[in-house]
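These notes concern the structure reproduced below.
The values are calculated or read from the model by the stated rules, or taken from the named source; none is laboratory data. In this text the structure is predicted, and so the values were computed from the model without any measurement. Glycine gets a Cβ as well: all are built from the backbone with ideal geometry, and neighbour counts include every protein chain shown.
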Amino acid sequence: MRSAASQYPYDPMTTSGNNNLRLWEKTIGRLEAHMWHHAALTWVVIPLFAVVQGVVPFLQPTCENGFNNWSLLFVFGYVLHHIYAESSSWTAVKELLSLPEITIMRQFGVLRLRRRMVFLGLLEGLDFYTDMTFPLMARHCDHVLTETWRRSWQEVPYVGQHLDAIVEVLRFWGIALLCASVNVVLTGLIGLWRMSSTYRSADYAFEDIFSTDGRKTEDKRIGGKAFYTWARSAETAMMPSVASLCEEVGDQKRWKYDPSKKEGATEARQNYIHGKIDYAAVAKFELGDAAAEEQVELARQLHYALLLLLKVFIGNGMSLWLQGSYFALTFETTGNEGKYKVVASMVISALQALVRCTQASIKLGFPGVLLSSLIMSFVAWSFAKVYYAFICPHHMWNLTTGCVL
């Protein structure tokens, strides 16, 4: 289905009259609703369910075995809702595209990557659930965790004594809870607030279209900035498949015709050929709308920067580091099942970080590579803790001091 009517398959996707505009608004409203509902389920209901697990004895995790396996029934229901919401959102985005745009997405391999990205989204949801239950597991192991962790910090030069004092007050499980709460607030609740404030009107999605003589027409089009807005919403809703589709469409929407430049473009090219002006001057007369391109580019950079800082560094990196410490500190206390669950959560987080860092590095260039290197260093540090838990006599290892005695 195409939400804007056209007489021929390759007509541009523009509105033509109030009826077609309402069709577009209806599709946009459906897209926004599915993403918002799943985001609310993720960032509100899952943390509340973790609180319920801490209160209801039957659902409480144990130090030996980790989170209660019966709680996975809730996770199964979450997965079903994810599949439904992702399918509905994906369909809505495609309804906003013309046939040529869908063909371009197919040629770029975006449609082919959908299954892998859906799987990544399911892993993200599962990983987020384990991150929410991790403070509960740490609380049940606090008799082992905190004092041993304090002892390891005391050997760290310069900052060790200060961190030891912080750990003494907050305890290991308190720090884990603080990190989880920061993730929920910065990535989830603020993301939900942004989605709600943006979705009050569909006008933000539309741009004016000008005729070849420079006059504004009654038609509208959906700009690239709107698709990056939906990409951020899809990331908040943990739908990387929908986000990747919106990102690529947003990239293609950067180029917008500027009719005000048509008179000077030919003259500028002639002047360049005869050596009267340089290429930088010619570029100013290109028929593209530079202001529109800059807006989309800014939205693009903001999207990937927030993705790395909030979702990957805070959401994955910090929890990975704490889980690596937990694995070493409780090595002699937890059973095999508990160890497997922690390592599985770490592997899922590391896989997400690797995929996201690779994507952002390609899109952002050097800044993305720099930030991704920092994040992957945290990942390597976390798994080094797991490795040395088997090597060190007391299972604890510090980056600055080696094995802790």
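Side notes on the structure shown:
- Number of positions in region 330-346 that are out of contact with any Cys (no Cβ under 8 Å at 6 or more places or on another chain) and in a helix (DSSP H, G or I): 10
- Of Leu298, Leu370, Leu322, all but one fail to be under 25 Å from Leu123 (Cα atoms) and assigned to a helix (DSSP H, G or I); the exception is Leu322.
- Of the criteria (1) crowded, with 16+ Cβ neighbours inside 10 Å; (2) over 30 Å from Glu155 (Cα atoms); (3) among the aromatic types (Phe, Trp, Tyr), which one Phe366 fails: (1)
- Filter pass, Trp230 being loosely packed, with under 13 Cβ neighbours inside 10 Å, of a type outside the set (D, E, K, R), modelled with pLDDT of 85 or more and within 30 Å of Thr133 (Cα to Cα): no
- Scanning region 387-401 for residues that are of a type outside the set (Phe, Trp, Tyr), exposed (fewer than 12 other Cβ atoms within 10 Å of the Cβ) and either closer than 18 Å to Asn336 by Cα or more than 31 Å from the chain's Cα centre (by Cα) (or both) returns Ile391, Pro393, Thr400.
- Restricting attention to region 139-163, the residues that are among the hydroxyl-bearing types (Ser, Thr, Tyr) and without any contact (Cβ under 8 Å) to a residue 40 or more places away in the chain total 2.
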